[in-house]
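Student: This is the structure I want to talk about, given as C-alpha cells.
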Amino acid sequence: MKELIPKDEYGVFADAKDIARVDSLFVAEFFEKEHFHVLRDIAKITDTKSGLSEEFTASNFEPSTYKDKTGRKLPCYCMTRDGFTMLVMGYTGAKAMRFKELYIRRFNEMESFIKTLVSARQEFPLLTSNIKLLHENPKPYHFSNECDMLNRIVVGMTAKQFRTANGIEKGKSIRPYLSDEQITMLDTLQKVDVGLLVAVPDYEQRKRHLEWYKLKMEEKE
C-alpha cells in the first residue's frame, strides 16, 4: 500500500487517501503473536459469516503484501483504527491492555498529523511537497511551523487565529477570505521559502529573509 506518511516504529502510517492505518506485522510483533495467528484472527473477523458487513471489511481491512527475509512475497493487512480495534478487542491481559492504549495514542497522533498535513497542503502545496522531500519522517511541526510563519508575515496571524477571528469553520481553508494581494504575497513567499528550506535550515533566519523579501516587494508596488 502506498504510504503518504511512512510507518512509525509501531507500524502506524497514513495511506495515500489520508487515512491512518497500522500494519498487521507490527501488531503481531508488539502483541507478541505469530503473524499467521493475527492473519487467522483477521480471517475470522472478515469472514462473511462473522456478522461484519462487507462494507466495514472493505473499508477497514486492506490486503497487502510484504517480503520476508528470503524475498518471498507474503500476505499482510493494513488496518484502520476501527479495523485494529475490532481485531484486538479479544486480546486480553495486562500487557495487551497497555499495547491497546499505546496504539490508540499512536492513532490519535497520526490522525492529528494528517489533519495538519491536509490543512498545510491546501494552503501551501509547493511547500508541503518539499518538506516531505527534505525530511524522511516529517513531523507535524515541520508543516505547521512553516505555514504559520508565512501566514503571520502576510496576514498577521496564523490560519487558526484567522479562522477564530473571522468565525470560519475549523479546518476550512482561509484563502477564500484573503485579499488578492495577500494570496499573491503568500504564493510568492511560498516559492521563496521552498528554496530557503534547503539553503537556510534555521527557522529564525528563514523568517528574517522572508520578512525582508516581503518589504522589498511592497516597496516596488
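Student: What's the local net charge at VAL192, with K and R +1, D and E -1, over the other residues with C-beta under 13 Å away?
Tutor: The answer is +2.
Student: While we're looking at this one, here's another question. Which of MET97, MET110, MET1 comes first, and how do the rest follow, when ranked by fewest Cβ neighbours within 10 Å?
Tutor: Ascending number of Cβ neighbours within 10 Å: MET97, MET1, MET110.
Student: To test your reading of the geometry: what angle, between 0 and 90 degrees and rounded to tens, separates the Cα axis of helix 203-220 from the longest principal axis of the chain?
Tutor: It works out to around 40 degrees.
Student: Also, quick follow-up: Helix-only estimate, please: 222 nm mean residue ellipticity of the chain, summing -39500 (n - 2.57) across DSSP H runs of length 4 or more and dividing by its residues, to the nearest 500.
Tutor: Calculated from helices alone, the mean residue ellipticity at 222 nm is -19500 deg cm²/dmol.
Student: Nearest 10 degrees, 0 to 90: what angle lies between the long axis of helix 140-155 and the longest principal axis of the chain (Cα atoms)?
Tutor: Taking Cα atoms only, the helix is inclined about 20 degrees.
Student: Given labels modelled 7 Å from the Cα in the Cβ direction, how far is it in nm from GLU29 to LYS115?
Tutor: It works out to 2.9 nm between the two label points.
Student: Could you estimate the translational diffusion coefficient of the range 3-111 from the Stokes-Einstein equation, with Rh from the Kirkwood formula over C-alpha pairs, at 37 °C and 0.692 mPa s, in whole µm²/s?
Tutor: Here the translational diffusion coefficient equals 232 µm²/s.
Student: Over what distance in Å are the Cα centres of the range 119-197 and the range 65-81 separated?
Tutor: When both Cα centres are located, 37 Å separates them.
Student: What net charge do the residues around LEU74 carry, taking every other residue with its C-beta under 9 Å from that of LEU74, with Lys and Arg at +1 and Asp and Glu at -1?
Tutor: Around LEU74, the surrounding residues sum to +2.
Student: For the range 73-221, what is the Kirkwood estimate of the hydrodynamic radius, computed as the reciprocal of the mean inverse distance between distinct Cα atoms, to one decimal in Å?
Tutor: Radius from the Kirkwood sum: 17.8 Å.
Student: Tilt of helix 35-46 relative to the longest C-alpha principal axis of the chain, in degrees (0 to 90, nearest 10)?
Tutor: Between helix and principal axis, roughly 90 degrees.
Student: With 20 Å as the limit, write out which pairs from LYS2/LYS170; LYS7/LYS95; LYS132/LYS170; LYS17/LYS115 have Cα-Cα distances beyond it, or answer none.
Tutor: Listed pairs above 20 Å: LYS2/LYS170; LYS7/LYS95; LYS132/LYS170.
Every number here is computed from the coordinates shown, using simple stated rules; none is lab data. Quantities reported herein were computed from a predicted structural model and do not represent experimental measurements. A quick note on method: Cβ atoms are made from the backbone with ideal geometry, for glycine too, and the neighbour counts reach across all protein chains shown.
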